[in-house]
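The values are calculated or read from the model by the stated rules, or taken from the named source; none is laboratory data. As the structure is a computational prediction, the values presented were derived from the model and not from experiment. Glycine gets a Cβ as well: all are built from the backbone with ideal geometry, and neighbour counts include every protein chain shown. For the accessible areas, the whole protein counts, side chains as well, though only heavy atoms, and no ligand, DNA or RNA atoms are used. Shrake-Rupley method; radii C 1.70, N 1.55, O 1.52, S 1.80 Å.
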Amino acid sequence: MMKYSTNYLLYIFCLLLSLGKSQAILANEPDSAYVFAYAPSSAGKASGLYYAWSIDRKTWHSVEPECRFLRSDYGPWSQKKIYSPSLTKGGDGFWHVVWQVNKTDPTFACAKSTDLIHWFPQSFPIMQYGDNCLSPKIAWLASEDRYVISWYGNLLGKDKYYSTYTKNFKEYSIVSETDKMPLSICDTVLIGNNEEKGTILCVSWKEIETLMRYAQACAYKKTLYGERVVQSELRLVGQQPLKATLSINEKDSKKISDKLIGIFFEDINYSADGGLYAELIQNRGFEYSLSRSWKADSFWRLKGKNATFKIATEQPLHKNNPHYAILTTDGKGAALQNEGFGGIAVKAGEKYNFSLFARTMKGKNGKLRIRLVDETGIVVAEATTEMLTEHWKQHAVTLKGLKTTLKGRLEIIPLIEGSIAIDMVSLFPQHTFKGRKNGLRADLAKVLADIKPRFVRFPGGCVVHGNGIENMYHWKNTIGPLETRKPQANIWGYHQSMGLGFYEYFQFCEDIGALPLPVVPAGVPCQNSERQQHEIAGQQGGVPMKEMDLFVQDILDLIEWANGDPKTNKWAKMRAEAGHPKPFGLKYLGVGNEDMMSDVFEKRFAMIYKAVKEKYPEILVVGTVGAGDAEELYDYTRGWEFATELGVPIVDEHYYKSPGWFLNKQDYYDRYDRRKSKVYVGEYAVHLPDRANNMETALVEALYLTNLERNGDVVEMASYAPLLAKKGNTQWKPDLIYFTNAEVETTVDYDVQKLFGNNVGNEYISSTWEVTGKENTDIRKRIGASVVRCSQTGETIIKLVNLLPVEIHTSLVGLDMNNATIERSVLHGQPDDTLATVKKETIFGQKNTIILPKYSFTVLRIKKK
Ligand code: AHR
């Protein structure tokens, strides 16, 4: 089997060697010295826990100024800061640190470590006094076998001092108030020109040595991960084209996942409303007050004289959709306008389904004129409703575009004097993907389908666990008639109408032949949520345990809704009533999204996992192991441990990393234990410093995917993230596909996904790629090959990635290519190229030397006669 080894292994080797040698190297080094633990006051440094060392407690030396040993995980990203860290060594042999998280919340942070380097789970206990917790200090009380933590608060009137005791950092004694700070251990030292406050610890020289070695390893890693494809020319000056032989051993193969390539749809960057969901009216239900600084009437305005427009809530259409608009006019042409999502794109000749719910309030019953106008006011489509009634009733008309405009507006013009209540104003192109009602934008859905994804993960991402418990995504709020769905704020700063709900997601999966992979929250909100008011768990919160049974039941109901029998199950009946009597064939269920590993999470996840496993053993639960790799995250290591303890079949890993990280981590999954959970790489992308999409990112992703294919026996699925971004409404870059109201722009990264998605195999065939000069690591880590076979078609597919600034002339050995037809697809361009396109041609078997252009990705699909 072709294995890829990188000089990352060398680095690990050196690291181990240096750590092993961390005894005093020089004979005259001391046995012990001092470490100063502090959070630097200088604004330039990323907030965190840093160290300095000293032999005499007077002269202090930074332990590699760039090396941060601990980062706070409290609150939203802007708040993840460490203030006033205080450390002590406990009777349990661990170092314990506490720090202030901010100036407002009634909590401090705690973590523990054996080596001052790897800090164990962070917890944020809520202190009952409700005051803020400033400058917390910790001490180990040996005689009492417990710790005391003291702090001061200044929110409840004048400064007050508090203490609490704990043995285990889980249970705390009742907070007591005192006149002065019982503990005031705080040292001040001069580091460079800065006076810093922190804790001085006396440690062995070996411990200091270990800190220094660790910091050096971090600096080395930084260099490796800083490597770029654009530097290839510099690194390989004068390099001539290379010769290579790819030897394929068809007899040596292993089964790999045939579901490797999928997509991950999250409602980020206006991907749903204003994006994939084809609805053209913005704030159609007048519920925008739920989100941002918007109001219920946002994106609506009046045109004309003698008219008023207000928002009301009495006798709404549905309790989940409580706001509606009252439009009062003299019936002489005043209109209520909606500008859609930055203009309504209308196409000449296209038909649109318009509908709204209305009731007359005062005055006579009459009709409404519905118009689409362009930015100059020219009518581009028009129709008139039937007579309105005094009761809520849906009215629908068809509009036909007379002219194409990108900046169309909707106008609702009452033809009678008086007040009319209106709600759920909707405009849909008739041409949606597969012609589905309440469907998806045809052009966008098509580019997704063209990837031929084997699965679709939805609806997030962070959208799933939400900004606090109240903002979690509940699938039940997203099904049923549109007017009964429950809209809510989007964690990404806008609005979710839920028009694109679970029914539509499942339908889309079926329409494109992909497996649905819905994700439900694991009973905890996003750890980056704003402050939670919840009493039990601090920042991460968590559904109260007394509500967890219902929460779990909702998840079980989802399985019934998707797969159950409409005759016996009420949720399955709802699916049938919505138009899908047959089961949707749910197999995978994601639980949680890169959640913080804490007791709160683990308790809730285990409850959900066990309930699903017991009742639906056929459903494969996809667990979560944090947002990063073992090098940076406790969530990853503990997440894996926890998943292994529970026997979770698949876990979801996420990483957004530099090209250098991907180049140097090509053996990432070669090391994985095949007996443990399988892996779903649920979110990944190559991130450049400017977050561009270009050939550099695309080719590194192609290279990485060849590594995933090689490990397709343990990596079951993978999906790039994020998928979609609306130009002008993008919160996150890079993305796979960009769009406007009328156009779709795919990226070169998309081309890579499509080439992989269209060329999957279910068997990995052993090969060795001998390339001249491969002993040079700069060459070795910039090339990659993968050979797979599709047992259904019998075709062999070879993928070759060349990130070098020179061609590779490679001959193929070991495959009988006589009379074979080879379909060759090549994507190539300079690293900063954003416009490269895939060139496809058919070549014939006698040609068994293939030229791989510099900076290219080549796919050979070999059909034997
Ligand atoms: O893909 C964007 C975000 O990145 C996802 O919502 C989240 O899961 C991750 O942090």
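In the stretch 820-865, counting only strands (runs of 3 or more DSSP E) that sit wholly within it, the ones holding 3 or more residues that are open to solvent by less than 10 Å² (accessible area, probe 1.4 Å) span 821-828, 856-863.
When we screen 810, 796 for residues that are closer than 30 Å to residue 226 by Cβ and surrounded by 16 or more Cβ atoms within 10 Å (Cβ to Cβ), the only hit is 810.
State yes or no: is residue 667 at pLDDT 95 or above and either closer than 23 Å to residue 461 by Cα or touching a strand residue (DSSP E or B) at 6+ places or on another chain (Cβ under 6 Å) (or both)? Please lay out each step first, then the result.
Working: at pLDDT 95 or above: yes; either closer than 23 Å to residue 461 by Cα or touching a strand residue (DSSP E or B) at 6+ places or on another chain (Cβ under 6 Å) (or both): no.
When the stated conditions are applied, residue 667 does not pass them.
Candidates in the stretch 371-391 are the residues that are open to solvent by less than 60 Å² (accessible area, probe 1.4 Å) and part of a loop (DSSP other than H, G, I, E, B); of these, the one that is nearest to residue 741 (Cα to Cα) is 374. Does residue 716 satisfy being free of Cβ contacts under 8 Å to residues at least 12 places away in the same chain and farther than 19 Å from residue 449 by Cβ? Criteria not met by residue 716.
Taking the stretch 445-478 as the range and being of a type outside the set (Gly, Ala, Ser), out of contact with any helix residue (DSSP H, G or I) (no Cβ under 8 Å at 6 or more places or on another chain) and more than 15 Å from the ligand (Cβ to nearest atom) as the test, the residues that pass are 469, 470, 477. Sub-9 Å Cβ pairs linking a first residue in the stretch 256-267 that is open to solvent by 10 Å² or more (accessible area, probe 1.4 Å) to a second residue that is within 16 Å of the ligand (Cβ to nearest atom) and of a type in the set (Phe, Trp, Tyr), at least 6 apart or interchain, are 266/458; 266/492, ordered by first then second residue. Restricting attention to the stretch 673-685, the residues being open to solvent by 30 Å² or more (accessible area, probe 1.4 Å) and touching a strand residue (DSSP E or B) at 6+ places or on another chain (Cβ under 7 Å) number 1. Evaluated against (1) open to solvent by 20 Å² or more (accessible area, probe 1.4 Å); (2) closer than 30 Å to residue 344 by Cβ; (3) more than 16 Å from the ligand (Cβ to nearest atom), residue 791 falls short on exactly one condition, (2).
Sort through 625, 600, 621 and tell me the only one that's within 16 Å of the ligand (Cβ to nearest atom) and of a type outside the set (Lys, Arg). Outline the logic, then answer.
Numbers: 600 fails: within 16 Å of the ligand (Cβ to nearest atom); 621 fails: within 16 Å of the ligand (Cβ to nearest atom).
Exactly one of 625, 600, 621 is within 16 Å of the ligand (Cβ to nearest atom) and of a type outside the set (Lys, Arg), namely 625.
Among the residues of the stretch 55-71, which ones are open to solvent by less than 90 Å² (accessible area, probe 1.4 Å) and in contact with a strand residue (DSSP E or B) (Cβ under 6 Å, 6 or more places away or on another chain)? Don't jump to the end; show me each part of the working.
So the first thing to find is which residues in the stretch 55-71 are open to solvent by less than 90 Å² (accessible area, probe 1.4 Å), and the list is 56, 59-65, 67, 69-71.
60, 61, 62, 63, 69, 70, listed by residue number.
Does residue 770 qualify as being charged (D, E, K, R) and open to solvent by less than 40 Å² (accessible area, probe 1.4 Å)? When the stated conditions are applied, residue 770 does not pass them.
Here is a yes/no grid of residues against (1) in contact with a helix residue (DSSP H, G or I) (Cβ under 9 Å, 6 or more places away or on another chain); (2) at pLDDT 95 or above; (3) within 16 Å of the ligand (Cβ to nearest atom):
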| residue | (1), (2), (3) |
| --- | --- |
| 267 | yes, yes, yes |
| 280 | no, yes, no |
| 285 | yes, yes, no |
| 291 | no, no, no |
| 295 | yes, yes, no |
| 298 | yes, yes, no |
| 301 | no, yes, no |
| 308 | no, yes, no |
| 313 | no, yes, no |
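Identify all residues within the stretch 632-646 that are without any contact (Cβ under 8 Å) to a residue 24 or more places away in the chain and away from the ligand (no atom under 14 Å from the Cβ); write none if there are none. Scanning the stretch 632-646 gives 637, 641, 645.
Just give me the residues in the stretch 269-278 being in contact with a Gly (Cβ under 9 Å, 6 or more places away or on another chain) and within 15 Å of the ligand (Cβ to nearest atom), in sequence order. Explain how you work it out, then say what you get.
Kept after step one, since they are in contact with a Gly (Cβ under 9 Å, 6 or more places away or on another chain), are these residues of the stretch 269-278: 269-270, 272-274, 277-278.
Result: 269, 270, 272.
Only one of 166, 188 is surrounded by fewer than 22 Cβ atoms within 10 Å (Cβ to Cβ) and at pLDDT 95 or above. Can you tell me which?
Numbers: 188 fails: at pLDDT 95 or above.
So the residue among 166, 188 that is surrounded by fewer than 22 Cβ atoms within 10 Å (Cβ to Cβ) and at pLDDT 95 or above is 166.
Do we have any residue at all in the stretch 348-370 that's touching a helix residue (DSSP H, G or I) at 6+ places or on another chain (Cβ under 8 Å) and modelled with pLDDT of 95 or more? Scanning the stretch 348-370 turns up at least one residue that is touching a helix residue (DSSP H, G or I) at 6+ places or on another chain (Cβ under 8 Å) and modelled with pLDDT of 95 or more.
Within 23 Å of residue 742 (Cα to Cα) and open to solvent by 50 Å² or more (accessible area, probe 1.4 Å): which single residue out of 351, 367, 362 fits that description? Spell out the reasoning first.
On the way: 367 fails: within 23 Å of residue 742 (Cα to Cα); 362 fails: within 23 Å of residue 742 (Cα to Cα).
So the residue among 351, 367, 362 that is within 23 Å of residue 742 (Cα to Cα) and open to solvent by 50 Å² or more (accessible area, probe 1.4 Å) is 351.
Scanning the stretch 130-153 turns up no residue that is open to solvent by 70 Å² or more (accessible area, probe 1.4 Å), in contact (Cβ under 8 Å) with a residue 40 or more places away in the chain and within 38 Å of the chain's Cα centre (by Cα).
For the subset of the stretch 593-619 comprising residues that are hydrophobic (A, V, I, L, M, F, W, C) and part of a loop (DSSP other than H, G, I, E, B), which member is surrounded by the fewest Cβ atoms within 10 Å (Cβ to Cβ)? So the residue we want is 619.
Regarding the stretch 651-666, can at least one residue be identified that is of a type outside the set (D, E, K, R), without any contact (Cβ under 8 Å) to a residue 60 or more places away in the chain, surrounded by fewer than 24 Cβ atoms within 10 Å (Cβ to Cβ) and more than 16 Å from the ligand (Cβ to nearest atom)? No, the stretch 651-666 contains no residue that is of a type outside the set (D, E, K, R), without any contact (Cβ under 8 Å) to a residue 60 or more places away in the chain, surrounded by fewer than 24 Cβ atoms within 10 Å (Cβ to Cβ) and more than 16 Å from the ligand (Cβ to nearest atom).
Picking from 755, 705, 699, which residue would you name as being away from the ligand (no atom under 16 Å from the Cβ), open to solvent by 10 Å² or more (accessible area, probe 1.4 Å), of a type outside the set (D, E, K, R) and within 21 Å of residue 834 (Cα to Cα)? Break it down into steps so the answer makes sense when it comes.
Working: 705 fails: open to solvent by 10 Å² or more (accessible area, probe 1.4 Å); 699 fails: open to solvent by 10 Å² or more (accessible area, probe 1.4 Å).
Unique residue meeting the criteria: 755.
Going through (1) away from the ligand (no atom under 16 Å from the Cβ); (2) of a type outside the set (Phe, Trp, Tyr); (3) buried (at least 24 other Cβ atoms within 10 Å of the Cβ) one by one, residue 481 falls short only on (3).
Inside the stretch 680-695, can you point out the residues that are more than 16 Å from the ligand (Cβ to nearest atom) and in contact with an Asp or Glu (Cβ under 7 Å, 6 or more places away or on another chain)? Across the stretch 680-695, the qualifying residues are 688, 694, 695. Pairs are defined by a Cβ separation below 7 Å, a sequence spacing of at least 6 or placement on different chains, a first member in the stretch 283-298 that is closer than 16 Å to residue 272 by Cα, and a second member that is surrounded by fewer than 18 Cβ atoms within 10 Å (Cβ to Cβ) and of a type in the set (A, V, I, L, M, F, W, C); the pairs so defined are 288/294.
Each residue in the stretch 489-500 was checked for being away from the ligand (no atom under 16 Å from the Cβ) and polar (S, T, N, Q), and 1 of them qualify.
From the residues in the stretch 248-265 that are in a strand (DSSP E or B) and within 16 Å of the ligand (Cβ to nearest atom), which one is nearest to residue 485 (Cα to Cα)? Checking each candidate, the answer is 264. Annotation note: of 313, 328, the sole residue that is more than 25 Å from residue 271 (Cα to Cα), hydroxyl-bearing (Ser, Thr, Tyr) and buried (at least 18 other Cβ atoms within 10 Å of the Cβ) is 328.
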